[in-house]
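Just so it is clear, none of the values below were taken in a lab; they were calculated from the coordinates. Because the structure is a prediction, the values reported are computed rather than measured. Quick reminder, even Gly has a Cβ in these numbers, built from the backbone with ideal geometry, and neighbours come from all protein chains shown.
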Amino acid sequence: MWTRVSDFDRMFTAMDQLRSRMNRLFWDFDRSYGNDYGWVVAEGAPRTNLYDVGNHFEIRAEVPGMTREDLNIRIQGNYLEISGTRKADAPEGYQAHRVERGAGSFTRSFTLPAEVDTEKAEASLKDGILTLSLPKSEAAKPKQITIN
């Protein structure tokens, strides 16, 4: 039995319509997961890199236009939370025609791979980059064991 090409075309069109309806149905379900199959940062939250530098972790977060008074950093054990409030930067009396970096507050939280010594943690802010140096706790550092 021979089937016309138009029958296949109709079948694939119906499948495309079903796929697009399913995509629209779940579009807003979880915005933190993107189409590139990797985690996407929520809107307004700073992009962040985490590095393991042997005896400490280094975190760099993009916070353009923010001052240290705008930021709040909390750490407990291996849990880190960076929060802040981005203020509107439009001068008084101006009308904005395009706003891509809006005002508002954000919170980013991370579970670090190991516990951190909170007493020795340091933070600096330069050129819109927040840098955190978080020394690992003594219990989390690798130990060399000698063989008898």
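A few points about this structure:
- The stretch 92-104 - phi-based ³J(HN,Hα) in whole Hz, Karplus 6.51/-1.76/1.60, Gly and Pro as x: 4, x, 7, 10, 7, 9, 8, 10, 9, 10, x, 8, x
- Put simply, the amide H of H56, placed in the peptide plane, has neighbours under 5 Å in K136, leaving out anything fewer than 5 places away on its chain.
- Computed P(r) (all Cα pairs; the stretch 99-144; 5 Å bins; percent): 5, 15, 16, 22, 16, 10, 8, 4, 2, 1, 0
- DSSP-assigned coil residues among trypsin sites (Lys or Arg not before Pro) in the stretch 45-148, each with at most 14 further Cβ atoms within 10 Å: R47, K87, R98, R101, K143
- Annotation: amide H-H contacts under 5 Å for Y79 (H modelled 1.01 Å from N, sequence separation of 5 or more, or interchain): L112.
- Here the scattering of the stretch 42-146 is modelled by Debye summation over its C-alpha atoms, one equal scatterer each and no solvent; at q = 0.21, 0.24 Å⁻¹ the log10 of I(q)/I(0) is -1.09, -1.33.
- Of the residues I129, I73, the one with the fewest other Cβ atoms within 10 Å heads the list, and the complete ranking is I129, I73.
- By the beta-carbon count within 10 Å of each Cβ, the least crowded to most crowded order of Y51, Y94, fewest first, is Y94, Y51.
- The GluC sites (Glu not before Pro) of the stretch 88-148 meeting both criteria, a DSSP state outside H, G, I, E and B (loop) and at most 16 other C-beta atoms within 10 angstrom of the site's C-beta, are E92, E100, E138.
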